[in-house]
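Peer 1: Next up is a structure, given as structure tokens.
The values are calculated or read from the model by the stated rules, or taken from the named source; none is laboratory data. Here the structure is a predicted model, which is why all the values come from computation and not from measurement. Counting neighbours? That spans all protein chains shown, and the Cβs are built from the backbone with ideal geometry, glycine included.
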Amino acid sequence: MNRTPSGLRSHSQKPAGTLVPGLVALLASLAAAQAQDRVKPYAVVREAIPLSLTGKPGDPARGRAIVANRQVGLCLLCHSASIIPEEQFQGDLAPDLAGAGSRWKIGELRLRIVDAGRFNANTIMPAYYKTGGLTRVGSSFAGKPILSAEQIEDVVAYLATLREVKK
């Protein structure tokens with residue numbers, strides 16, 4: 001440690017050449033994280049978002065994992081999902097997710113997840129891919145969607161597989 005002219009101790013500084021690569025790496029990782037947090041533009045057409053948010057279909061297996069995960073999607077907090085029997089303590093505030101693929105088309109499922117408020121202004125379902133016009137958002141979550149575009153597409157792909165069996 002060195003002493004400053006005022007008598008305070010200071011840590012020796014590293015040469016700028018060793019800081020630059022680390023700073024560049026940090027800025028690159030922050031930019032990548034911010035890009036993932038950004039909401040990609042989408043078009044609503046007749047109560048649906050017909051086009052994928054990512055330009056490709058999601059993965060139903062990853063979608064099932066998101067629906068079942070209480071730290072990510074939180075779907076089972078309100079919905080029941082008789083098709084995920086291993087998860088206990090499912091909600092009863094919203095419809096059972098079984099048969100969702102029969103009740104709604106893919107674009108309708110996508111809009112319901114992106115912004116359920118477009119169907120019911122008083123819904124308690126969060127807008128999973130909306131960042132503006134929201135109230136009571138924690139500062140660490142402000143300006144960030146709950147799920148990424150890829151996660152939305154995975155959940156849509158999973159829900160689309162949930163077809164009601166004709167009796």
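Peer 1: Which residue out of 134, 147 is over 28 Å from residue 161 (Cα atoms) and of a type outside the set (Phe, Trp, Tyr)?
Peer 2: Going through 134, 147 in turn, just one is over 28 Å from residue 161 (Cα atoms) and of a type outside the set (Phe, Trp, Tyr): 134.
Peer 1: Just one of the numbered conditions (1) of a type outside the set (A, V, I, L, M, F, W, C); (2) without any contact (Cβ under 8 Å) to a residue 12 or more places away in the chain; (3) under 19 Å from residue 46 (Cβ atoms) is not true of residue 122; which one?
Peer 2: (3)
Peer 1: Let me ask another. Name the helices (runs of 4 or more DSSP H) wholly inside segment 17-122 in which the number of residues that are at pLDDT below 90 is 1 or more.
Peer 2: The helices (runs of 4 or more DSSP H) meeting that bar are 75-78.
Peer 1: Now, a different point. Enumerate the pairs (first residue in segment 153-164 and of a type in the set (Lys, Arg); second residue anywhere and part of a helix (DSSP H, G or I)) with beta-carbon separation below 6 Å, excluding pairs fewer than 6 apart on the same chain, so at least 6 apart or on different chains.
Peer 2: 163/101; 163/102
Peer 1: So which residues in segment 131-167 are surrounded by 13 or more Cβ atoms within 10 Å (Cβ to Cβ), part of a loop (DSSP other than H, G, I, E, B) and more than 17 Å from the chain's Cα centre (by Cα)?
Peer 2: Selection gives 162 alone.
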